[in-house]
C-alpha cells in the first residue's frame, strides 16, 4: 500500500493512502521505502553495480529486507537499498577478517566495494546528508511540541520586488500552523495568516481597472506573486479535521478548507513556497477557484485509494456558509482522479469543478501531468496543465452577464539538485483565461526562478516574471523581478 500526504503550506499534515511516487511507503517491505523521486536511482538489474551488489549479498548471506531474501530482479535498486546492502556486506567482511578466513576472496570483494563506492559516492553522501537532516528535524519537532498531541510549525515569507511602471516594494506573509493529533492517524489543522497587504508590479497594473485575472482576480487566478494582498489583520485561513475511517479512505471536514490543500497538487509547481512564486503556475485557475481558495470554505474533502496506482479525490467548499448557507453562492464542488503509471515516475490527473460564484455558474474540466526524470546530476521534471470551462450568468461583482467558454494552459520544466545540492530552478509559461468574449487580447504569463536552500530551513529564490496583456486587455507588457526569502520553522 502506498502512502502520501495532504500538505499544509508546504508541511505534511496527515498521512493518507495515495499513489504518489515522491512519497512511496511499503509497510510490509521496508526496503522499498523512499522519500522523494530524487531517491530513485538508475541501478537496474542489467547494470554492473546491481550485479556486483547482488553477488556480494549472496556470498555473505546478507538479508536485504524482503521475506524471500531476493532482490526482486525485475526492478531497480533504490539508493536506500544500495547503501544498506553495501553497509551489511562490509559488516560481514569485518566479521570474517576477525575470524581470519577467506582472505583472498575478501581482498577481491573489498576492491569491488571500493569501485561501487567510487561510482556511487554521491548517492551514499546524499543518503548520509538526509539522515542528518531528519535527525535535526526530529529534535526540532520535539522542541516545538506543545503537548503530546499538538505541534507548531510555520513559514515566514519576505519578498523584494520591482517592475515596469512601478517602484520597489516589500511583501511579507507569516503562516502559523497548529497540528493536533489525537489518535496518530488524524490531524486537527489550524492555520493563522497575516501579511502587509503588499503588492507587486503585476498587481499594480491589474488593479488599475477591475482585477479579473490577477492574484486576487475576480474571475481567475492568473497573477504575479502569491503573497500579494495578504491582509494585515491576523485571520484564520485553515480549520479542518482530517481522519481515516478505514485504511484506504481519508476524510477532512471543517469550516475553512482551501481546495488547493486537497486537489491539483503538483510536485514541481505548488504552494509550498519552495518553487514557482507566481500564483498562476501553482494551480489550474479553472479548477481551483480563486474566490474560494484564497479565503477557504466550509465543507468536506475525501481521498480514496482505489488501488495501488489510482486515487480518487472529492471536495465541497462554500465560502459564505455563515451568511447564505452551505449550498448557496459562493461554492465549488470538485472531483479529481490521479493515476500514476506503474514503475514510471509519470502522474496524470483528470479534474472537474462545478460552482457558483458571484452569480456566475461555472463548469470546468482539467487535465494535468508531470514526469520526473532522474539523472545523476539531479531530477529533471516536466509538467503541464490544460483546462476548458463554461462561465454563464449575471456576475454581481462585474455587473454584467457572462457567456464565456474559457480555456487555460500552462507548461513548465523544473530542475532539482542541478549542479548545486539543495538548489531548484524552473521556467514556465501559459495563458490563464483564453476567450474572445473578455477583453481584446489574451493574457500570457512567464516565470523563471532559481532557488537555493541555504539550510534545511532557509530558502532564497530570485525570479523574473513577465505578463503581457494583463486582464486580457491590450496594455504594456509587465516585466518584474523579485527576491523571495522563505524561512520554515
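List pairs: first residue in the stretch 158-182 and not assigned by TED's automatic domain parsing to the domain that holds residue 475, second residue assigned to a loop (DSSP other than H, G, I, E, B) and buried (at least 17 other Cβ atoms within 10 Å of the Cβ) anywhere in the structure, Cβ distance under 9 angstrom, at least six positions apart or on different chains.
Final answer for the pair search is none.
Here are some residues: 111, 126, 141. Which one is surrounded by 15 or more Cβ atoms within 10 Å (Cβ to Cβ), modelled with pLDDT under 85 and assigned to a helix (DSSP H, G or I)?
None of the others qualify; the one that does is 126.
This table checks each residue for (1) out of contact with any strand residue (DSSP E or B) (no Cβ under 8 Å at 6 or more places or on another chain); (2) closer than 27 Å to residue 286 by Cβ.
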{"residue": "384", "(1), (2)": "no, yes"}
{"residue": "399", "(1), (2)": "yes, yes"}
{"residue": "405", "(1), (2)": "no, yes"}
{"residue": "425", "(1), (2)": "no, no"}
{"residue": "430", "(1), (2)": "no, yes"}
{"residue": "457", "(1), (2)": "no, no"}
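Within the stretch 320-332, is there a residue that is crowded, with 17+ Cβ neighbours inside 10 Å and under 18 Å from residue 242 (Cβ atoms)?
No, every residue in the stretch 320-332 fails to be crowded, with 17+ Cβ neighbours inside 10 Å and under 18 Å from residue 242 (Cβ atoms).
What residue, of 211, 207, is assigned by TED's automatic domain parsing to the domain that holds residue 476, within 25 Å of residue 391 (Cα to Cα) and without any contact (Cβ under 8 Å) to a residue 60 or more places away in the chain?
On the way: 211 fails: without any contact (Cβ under 8 Å) to a residue 60 or more places away in the chain.
When all the criteria are applied, what remains is 207.
Of the numbered conditions (1) within 26 Å of residue 237 (Cβ to Cβ); (2) modelled with pLDDT of 95 or more, residue 327 satisfies every one except a single condition; which is it?
(2)
Pick out, from the stretch 375-489, the strands (runs of 3 or more DSSP E) lying fully within it that include 3 or more residues that are surrounded by 16 or more Cβ atoms within 10 Å (Cβ to Cβ).
Fully inside the stretch 375-489 and qualifying: 378-395, 407-416, 423-434, 444-453, 458-468, 478-488.
What do you reckon, is residue 224 surrounded by fewer than 24 Cβ atoms within 10 Å (Cβ to Cβ) and touching a strand residue (DSSP E or B) at 6+ places or on another chain (Cβ under 9 Å)?
Considered against the rule, which asks whether it is surrounded by fewer than 24 Cβ atoms within 10 Å (Cβ to Cβ) and touching a strand residue (DSSP E or B) at 6+ places or on another chain (Cβ under 9 Å), residue 224 comes out as no.
The values are calculated or read from the model by the stated rules, or taken from the named source; none is laboratory data. Keep in mind the model is a prediction, meaning the values are calculated, not measured. When we count neighbours, we look across all protein chains shown, and the Cβ atoms used for this are built from the backbone with ideal geometry, even at glycine.
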